[in-house]
Amino acid sequence: MSLQIEIMAAMKTAMKAKDQTALAALRAVKSEILLIQTSGEAGELTEEQEINILSKLVKQRKDSAAIYLEQDRKDLALPEIDQAEVISQFLPEALSEEEIEKVVVMTIDQLGAVGMKDMGKVMGIVNKELAGQADGKTISNIVKAKLS
């Protein structure tokens, strides 16, 4: 089932349940999908593009929540966190740090990477392989630790 169909079904459920937080998050996803489709960049979205959209929206909400929490505005941070959780339901299951580390080590061995100068190559391959399953910051920290 395509992401758009899943989002529409979830929106109907959220409307029936009168869940405004979920509805706002799902409308944001739908809006982003429609923006990309009508921009002429892509007709039908690939699964990778869908994952990128969802990851971007989750990251935006988490970043906003972090800023609100720094400013001691829990009233604004909680809806952002809740929306991030709603959107995350449509992402592939997140990997543990150990699983990410295995992929990083395997990639480093395949490339023969030896130092920090090879970090960009390793990051590019690992980010592509783990799209939507791991946070870029976590991957970066693991790659730095392994290449240092």
Just give me the residues in segment 119-135 being surrounded by fewer than 16 Cβ atoms within 10 Å (Cβ to Cβ) and of a type in the set (Asp, Glu), in sequence order.
Glu129
Take Glu47 and tell me if it is loosely packed, with under 13 Cβ neighbours inside 10 Å and under 16 Å from the mean Cα position of the chain (by Cα).
yes
With respect to the numbered conditions (1) of a type outside the set (Phe, Trp, Tyr); (2) assigned to a helix (DSSP H, G or I); (3) more than 20 Å from Gln133 (Cβ to Cβ), which one is the sole condition not fulfilled by Ile53?
(3)
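Yes or no, residue by residue, for (1) in contact with a Gly (Cβ under 7 Å, 6 or more places away or on another chain); (2) over 14 Å from Ser88 (Cβ atoms); (3) modelled with pLDDT under 95:
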{"residue": "Leu35", "(1), (2), (3)": "no, yes, yes"}
{"residue": "Gln49", "(1), (2), (3)": "no, yes, yes"}
{"residue": "Ser55", "(1), (2), (3)": "yes, no, yes"}
{"residue": "Val58", "(1), (2), (3)": "no, no, yes"}
Qualifying position, being surrounded by 13 or more Cβ atoms within 10 Å (Cβ to Cβ), closer than 20 Å to Lys137 by Cα, small (Gly, Ala, Ser) and touching a residue at least 40 places away in the same chain (Cβ under 8 Å), among Ser88, Ser64, Ser55
Ser55
Helices (runs of 4 or more DSSP H) wholly inside segment 77-148 containing at least 1 residues that are of a type in the set (Gly, Ala, Ser) and either in contact with an Asp or Glu (Cβ under 6 Å, 6 or more places away or on another chain) or more than 21 Å from Glu47 (Cα to Cα) (or both):
119-129, 136-147
Check Ala14, Ala9, Ala28 and return the single one that is more than 25 Å from Ala134 (Cβ to Cβ) and either touching a His at 6+ places or on another chain (Cβ under 8 Å) or in contact (Cβ under 8 Å) with a residue 12 or more places away in the chain (or both).
Ala14
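The values are calculated or read from the model by the stated rules, or taken from the named source; none is laboratory data. Since the structure is predicted, the reported quantities are computational estimates derived from the model, not experimental observations. Every residue, glycine among them, receives a Cβ derived from its backbone with ideal geometry; neighbour counts consider all protein chains shown.
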